[in-house]
């Protein structure tokens with residue numbers, strides 16, 4: 001085989017290998033997983049956050065493990081959350097009430113609260129899903145309805161006051177049209193002994209007609 005032919009074959013092989021490596025790198029950057037670590041200072045505390053980025057054709061996901069960096073040098077693992085926004089760290093708040101650390105995070109569409117007892121080390125991880133309202137005794141006494149399991153809905157922890165979580169839920173009533181879409185504010189109380197959540201008060205519920213049209217178009 002002539003030298004120039006061998007040279008062309010060698011160049012072609014090198015080009016293929018380089019393109020393959022570049023393709024793998026670009027794919028990983030686009031879809032993950034990619035891991036990174038950042039420190040978030042919030043409300044007088046310092047959180048060590050280990051982030052894993054993943055994506056598919058529809059959305060991006062940021063899985064984050066949270067660890068509290070104590071002043072005495074000991075680190076305390078708090079739990080994890082899943083966010084859909086790369087700027088998730090800008091909206092992190094951290095609270096302490098009696099012997100409990102309270103960290104509101106997200107689990108995709110829903111808010112989640114991470115509770116850690118500073119004395120016993122007990123950890124609680126509670127997802128606030130509107131689909132679970134059907135099992136809430138206080139909620140059922142006011143509404144003779146069931147949030148549709150075909151519509152995921154959303155939840156958001158608006159604020160934390162002492163051991164009270166004020167949460168806005170968004171959900172749909174009805175498996176078939178015409179649907180009704182609601183936003184409802186509910187107060188949940190944290191049991192300071194065991195860290196369990198209970199419904200304290202059903203505040204306001206408002207039908208969202210404009211969002212109903214948007215939700216119908218998005219979900220059907």
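Tell me, what is the percent relative contact order of the range 127-220, built from C-alpha pairs under 8 Å that lie six or more residues apart?
Numbers: 170 pairs, mean separation 19.5, N = 94.
Answer for the range 127-220 is 21 percent.
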Practice problem: Return the ratio Rg/(2.2 N^0.38 Å) for the range 127-220, where Rg is computed over Cα atoms only. | Solution: 1.12
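What's the FRET efficiency of residue 99 with residue 205 using the Cβ-Cβ distance as r and R₀ = 41 Å, to the nearest 0.05?
Details: r = 34 Å, r/R0 = 0.83.
With R0 = 41 Å, the Cβ-Cβ based efficiency is 0.75.
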Exercise. Please give the FRET efficiency for residue 109 paired with residue 48, using the beta carbon to beta carbon distance and R0 = 25 Å, rounded to the nearest 0.05.
Key: 0.45
Quiz item: What is the gain in length, in nm to one decimal, between residue 137 and residue 85 on full extension, counting 0.36 nm per residue of separation less the C-alpha to C-alpha distance?
Solution: 15.3 nm
Practice problem: Evaluate the distance, in nm, between pseudo-label points positioned 7 Å from the Cα of residue 120 and of residue 61 along their respective Cα→Cβ axes. | Solution: 3.2 nm
Practice problem: Report the semi-axes of the equivalent ellipsoid for the range 104-165 in whole Å, largest first, where each axis is √(5λ) for an eigenvalue λ of the Cα gyration tensor. | Solution: 25, 14, 11
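Provide the gained length on full extension for the span residue 161 to residue 189, in nm with one decimal, where the gain is 0.36 nm per separating residue minus the Cα-Cα distance. If you can, show how the numbers build up before the last one.
Values: separation 28, 0.36 × 28 = 10.08 nm, distance 0.97 nm.
Taking 0.36 nm per residue and subtracting the Cα distance, the gain is 9.1 nm.
Nearest 0.05, what FRET efficiency do residue 180 and residue 40 give at R0 = 30 Å with Cβ-Cβ as r? Write out the running numbers ahead of the final one.
Numbers: r = 39 Å, r/R0 = 1.30.
Given R0 = 30 Å and the Cβ-Cβ separation, E is 0.15.
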Quiz item: Hey, rough spin-label estimate for residue 77 and residue 144, points 7 angstrom out along Cα→Cβ, what's it come to in nanometres?
Solution: 4.8 nm
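The numbers here are math on the coordinates, done by the rules we state, and not lab data. Not measured: the values here are computed from a predicted model. All Cβ positions, even for glycine, are placed from backbone atoms using ideal geometry, and neighbour counts span all protein chains on display.
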